[in-house]
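The values are calculated or read from the model by the stated rules, or taken from the named source; none is laboratory data. Note that this is a predicted model, so its numbers are computed, not measured. In this analysis, Cβ positions are derived from the backbone assuming ideal geometry, glycine residues included, and neighbour counts consider all displayed protein chains.
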Amino acid sequence: MKEKEEPAIDNKELILALEDLEKEKGLDKNYVLDSIETALVTAYKRNFDSLENVKVVMDRKTGATHVYSVKQVVEKVENPKTQITLKDAQKINPDLNLEDTVDIEIVPRNFGRIAAQTAKQVIIQKLREAEREIVYNEFNDRKGEIVSGIIQKADKNIVVMDLGKLEGVMPTKEQIPTEHYRVNDKIKGYVLDVEKGQKGAPQVIVSRSHPDFVRKLLEFEIPEIYEGVIEIKSVSRDPGYRSKVAVYSPDPNIDPVGSCVGQKGVRIQNVINELNGEKIDVIEWNEDPSIYIAASLLPAQVLAVDVKPEENFAQVIVPDNQLSLAIGKSGQNARLAAKLTNWKIDIKSESQFRNMLMEKQEQENKQEDNEEDKAE
């Protein structure tokens with residue numbers, strides 16, 4: 001039943017403040033009011049009677065806060081906190097029937113103070129959430145871009161960067177193994193992903209080892225790539241040691257490799273410097289796989305390429321003195337060429353290939369002799 005009459009809590013100023021926040025921060029007024037109502041139910045149960053079913057409604061225009069005890073209409077009351085007889089219920093609303101529910105307004109003593117404190121806490125919380133969401137969306141839109149930051153923490157497992165509005169995290173696998181990171185150093189990184197971390201705070205996953213970091217650095221340094229005059233068709237990378245980049249221009253008057261390398265190598269040198277000396281091979285993409293695969297093995301010279309498109313396999317022949325260069329230290333050059341072209345590549349020296357042909361010829365001759373012997 002309705003307790004001692006007290007005026008509903010007037011929160012007109014709260015409504016005006018929420019309307020301002022909606023305009024300035026994009027914080028939806030009704031969403032905040034819904035959250036305040038939910039929080040006020042919890043606050044009521046904590047401060048008054050947790051056994052009572054209550055509902056809190058805030059007027060969307062005036063901010064007046066109304067607290068209701070929600071009771072079920074029954075024939076015989078067993079729990080007066082949650083039930084009401086049909087006779088008493090129909091005094092409030094004659095149309096009520098058994099099993100219906102009725103909202104009975106109550107004004108708990110000192111609830112205005114509790115409501116004000118709760119509303120303030122909810123607004124602060126929702127503002128933080130909204131700001132985090134804005135920052136999350138902002139950085140989520142920057143996936144695939146390069147960001148700069150100051151290193152705050154650096155150990156063998158993780159590097160933490162200050163990106164201004166939030167933190168950037170570079171796990172071990174996204175670090176360049178040949179680099180050493182120090183606190184207060186300013187570095188660049190590639191935005192790999194944006195995650196919602198603990199307590200909803202967004203966290204940017206940054207990479208310096210990703211092949212697209214090289215792609216973006218080249219785009220930044222070389223206007224023709226940024227403008228789309230030159231295309232980067234593929235990038236393969238052994239972070240810290242070597243990268244291969246395949247470039248192409250549909251304009252026959254443009255030398256894509258020369259444009260990327262620049263006069264005296266000045267353009268590509270800026271990228272190499274950013275990667276602390278990582279070598280970069282820029283090669284011209286070609287739709288003919290034989291020409292493309294041969295170019296991908298630079299700096300090694302190639303004598304011949306035999307492709308089997310149905311197997312995506314290429315047999316490459318190089319001069320004897322070029323074999324170790326073509327394969328590279330620990331197979332690096334061949335491995336990067338295979339990644340770049342997306343072809344399986346088998347490299348043989350000229351001597352190896354000749355020996356292989358001779359062995360094959362000998363086997364065929366033996367087979368022919370055996371067949372002749374059988375025939376006799």
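Tabulated values for the structure
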| quantity | calculated |
| --- | --- |
| Those residues of segment 224-255 which are of a type in the set (Val, Ile, Thr) and in a strand (DSSP E or B), in sequence order | ILE232, VAL235, VAL245, VAL247 |
| Tally, over segment 135-150, of residues that are loosely packed, with under 14 Cβ neighbours inside 10 Å, in a helix (DSSP H, G or I) and either of a type in the set (Phe, Trp, Tyr) or in contact (Cβ under 8 Å) with a residue 12 or more places away in the chain (or both) | 1 |
| Matching entry among LYS188, LYS173, LYS165, LYS153 (being closer than 29 Å to LEU336 by Cα and not in a helix (DSSP H, G or I)) | LYS188 |
| Enumeration of residues in segment 122-161 that are of a type in the set (S, T, N, Q) and over 26 Å from THR38 (Cα atoms) | ASN137, ASN140, SER148, GLN152, ASN157 |
| Hits in segment 256-281 (condition: of a type in the set (Val, Ile, Thr) and assigned to a helix (DSSP H, G or I)) | VAL257, VAL261, VAL266, ILE268, VAL271, ILE272 |
| Leading residue by the ranking (modelled with the highest pLDDT) among those in segment 55-69 that are among the polar types (S, T, N, Q) and buried (at least 20 other Cβ atoms within 10 Å of the Cβ) | SER69 |
| Count - residues of segment 30-53 that are more than 19 Å from LEU96 (Cα to Cα), touching a residue at least 24 places away in the same chain (Cβ under 8 Å) and surrounded by 15 or more Cβ atoms within 10 Å (Cβ to Cβ) | 10 |
| Residues (hydrophobic (A, V, I, L, M, F, W, C) and in contact (Cβ under 8 Å) with a residue 24 or more places away in the chain) located in segment 117-134 | ALA119, VAL122, ILE123, LEU127, ALA130, ILE134 |
